[in-house]
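Take a look at the structure below.
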Amino acid sequence: MIHARSLVLLMALAWLSSAISAVIWPAISPALAETMSFESAARMLSESCGADIDANCLGVNFDAPRLRECLSRNQDAVSPQCRADYVKAFDAIQKRISARSAVSKACEREKTKVCAEMAGKAGETIACLLKAPTKSLGWGCNQALGQAGYR
């Protein structure tokens with residue numbers, strides 16, 4: 001059963017995380033593991049843990065670290081399904097954030113070659129890279145864009 005309040009808050013968290021990672025772009029090594037969309041992770045968390053969040057985390061600020069900490073602290077009180085899924089959901093969200101952060105480094109050459117006019121404008125650079133023909137981008141850049149969920 002999906003709890004609307006939990007789903008709305010988790011979707012807002014997912015959107016905020018993606019917006020922040022799209023703007024900040026710290027240069028870290030590319031994330032190569034498969035990633036789950038923010039929406040899928042939020043849906044999993046809401047379906048598995050919605051009732052547990054409502055019952056055990058009332059009043060907790062709904063950012064990922066605090067919510068994860070609350071569920072972890074209340075492990076004995078949450079359902080077995082929630083215990084099984086919340087770690088997967090939060091790990092998936094973190095992998096997606098890391099993958100989005102890795103795009104800048106993985107697409108460094110392409111940013112200079114294909115999207116030079118967008119230099120210093122992270123959000124516009126991503127849009128430029130996505131508009132560019134796939135064949136004009138290197139394998140690593142295409143891989144990073146896919147892992148980040150942009151494609």
* Just one of Ser136, Ser46, Ser104, Ser37 is under 23 Å from Gly149 (Cα atoms) and under 13 Å from the mean Cα position of the chain (by Cα); which is it? -> Ser37
* To do: Give the number of residues within segment 97-114 that are modelled with pLDDT of 90 or more and hydroxyl-bearing (Ser, Thr, Tyr).
  => 0
* **The one condition in (1) buried (at least 16 other Cβ atoms within 10 Å of the Cβ); (2) in a helix (DSSP H, G or I); (3) of a type outside the set (D, E, K, R) that Tyr150 fails to fulfil** => (2)
* To do: Scan segment 81-131 residue by residue and report those that are small (Gly, Ala, Ser) and without any contact (Cβ under 8 Å) to a residue 12 or more places away in the chain.
  => Ala116, Ala119, Gly120, Ala127
* Asked: So, in segment 38-60, of the ones that are outside any helix (DSSP H, G or I) and out of contact with any helix residue (DSSP H, G or I) (no Cβ under 8 Å at 6 or more places or on another chain), which residue ends up surrounded by the most Cβ atoms within 10 Å (Cβ to Cβ)?
  -> Leu58
* To do: Being assigned to a helix (DSSP H, G or I) and over 18 Å from the mean Cα position of the chain (by Cα) is the filter; apply it to segment 72-99 and report the residue that is surrounded by the most Cβ atoms within 10 Å (Cβ to Cβ).
  => Cys82
* From the list Glu117, Glu110, Glu124, Glu69, which one is in contact with a Cys (Cβ under 6 Å, 6 or more places away or on another chain) and either in a helix (DSSP H, G or I) or small (Gly, Ala, Ser) (or both)? -> Glu110
* To do: Name, by its number, the condition in (1) in contact (Cβ under 8 Å) with a residue 40 or more places away in the chain; (2) farther than 29 Å from Gln147 by Cα that does not hold for Val78.
  => (1)
* Considering each of Leu32, Leu67 in turn, give the residue that is at pLDDT below 85 and touching a helix residue (DSSP H, G or I) at 6+ places or on another chain (Cβ under 9 Å). => Leu32
* Structure fact -> Filtering segment 127-137 for residues that are under 23 Å from Ile97 (Cβ atoms) and not in a helix (DSSP H, G or I) leaves a count of 1
* To do: Kindly provide the set of residues from segment 53-66 that are free of Cβ contacts under 8 Å to residues at least 24 places away in the same chain and of a type outside the set (Gly, Ala, Ser), ordered by number.
  => Asn56, Cys57, Leu58, Val60, Asn61, Pro65, Arg66
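The values are calculated or read from the model by the stated rules, or taken from the named source; none is laboratory data. Computed from a predicted model, the values in this text were never measured in an experiment. Positions of Cβ are generated from backbone atoms using ideal geometry, with glycine treated the same way; all protein chains shown enter the neighbour counts.
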